[in-house]
1. Under 12 Å Cα-Cα from residue B:26, which aspartates and glutamates qualify once same-chain neighbours fewer than 8 residues away are excluded?
2. Just to confirm my numbers, what's the Cα centroid distance between region A:5-73 and region B:1-25 in Å?
3. Return one number: the angle in degrees, 0 to 90 and rounded to the nearest 10, between the long axis of the Cα atoms of helix B:3-13 and the longest principal axis of the Cα atoms of chain B.
4. What percent does the relative contact order of chain B come to when contacts are Cα pairs within less than 8 Å and at least six residues apart?
5. Largest first and in whole Å, give the semi-axes of the protein assembly as shown's equivalent ellipsoid, each being the square root of 5 times a Cα gyration tensor eigenvalue.
6. Given a cut-off of 25 Å, name the pairs among B:99/B:159; A:64/B:32; A:115/B:159; A:75/B:79; A:177/B:32 whose C-alpha atoms lie farther apart than that in the structure shown.
7. Going highest first, how would you order B:90-101, B:107-118, A:40-51 by mean Cβ packing within 10 Å?
8. What distance in nm lies between label points placed 7 Å from Cα along the C-beta direction at residue B:58 and residue B:77?
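Here, each number is a calculation from the coordinates, and none is a lab measurement. Everything quoted here is computed from the prediction, not taken from an experiment. Cβ atoms come from the backbone with ideal geometry, glycine included; neighbour counts cover every protein chain shown.
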Amino acid sequence: MTVTSEKLIQDLIERTRININQAENFSSLSAEKLNWKAEKDSWSILQCFEHLNLYGDFYIPEIKKRIESSKTQPKENFKSGVLGNYFAKSMLPKEKLNKMKTFKDKNPIGSKLDKSTIERFILQQKQILNLLDKSREIDLNKTKTAISISKLIKLKIGDTFRVVVYHNERHLTQANKILE
Amino acid sequence: MNPITNFIEKIDQQNLWDNRLELIRKEYLKVKGSIDTNLYFVVSGSLRIYVLEEFEENIIRFGYKNNFIASLDSFISEKPSDLYIQAIKKTELKVIKKKTFMDFVESSAENIKIWHIMLGELIFQQMERERDILTSSPLARYKRVLARSPQLFQEIPNKYIASYLRMTPETLSRIKKS
């Protein structure tokens, strides 16, 4: 997939705006609704948010670090990497939401959660917006980041951003389904 | 007649609005980093425009009923803007794109004249705002804004007015009481 860097950044900014708005909407619900679970081992709405927060805790500092140390110049186009594209696409919510296995350290079951969980998510989105804006000054292809599941794999930062933002969408869709 | 009212009537008559939007409370019309060259007319409700410094939200401007609101930097430069625009309560907007609006402005000598008046008012408001920021006494800042925009205190909650006036809500309460 090849796209102009600016189009990619604008698209991710707009998706993040929508994610923030959904989160603001959820934060007006009762604690009861936010903590409700369909089954014993399925997630509540707050658990969806906490899961996203745990991912943000890894990716936001990682992306920040790579942007700050990048000595590249912005490039007109972004060409997705094979692995990065695969990860990003697999994150997008599909028609029928497929279940994915969650890594143990990112499993929110058992954590103590409340409305501040959603506030934390919103704050993280604002940090992501900062980083997306800063990324206009670097090469999204040449700058690479690590990923949370393996120290051996590096993705192009353009793909990392896609993975994070699409992943947020995925779980917000899941949270919306819980409401139904 | 108020130049804004003049324009609104004409835009209504000529059916030039590109869109109508409804925002729920706390919904973001715009976030940092996006390009937004639209002009929004507030039919009902209220919004705040702010920048985020580290973790501090600094309110630059408000929009409420019968105001035009925009990310003016982006409207002019057509480049990304840092501004956040958020609905304070349920808000209804009419939207006109920059191209539609500028074509409308340039469609008659009268419209161009009115646009110049609006721009002049905008510049004047910016100068007033600049003086606000440079005024060190909180009481003096409060008095300046109260004098030029009494409506503000009817439309916007205190905590946001306090942020705009660059004081704590407690200081604002104290000033209002005395």
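1. A:24
2. Distance between centres, Cα-based: 35 Å.
3. Taking Cα atoms only, the helix is inclined about 40 degrees.
4. 24 percent
5. Working through the eigenvalues yields semi-axes of 39, 25, 21 Å.
6. B:99/B:159; A:177/B:32
7. A:40-51, B:90-101, B:107-118
8. 1.5 nm
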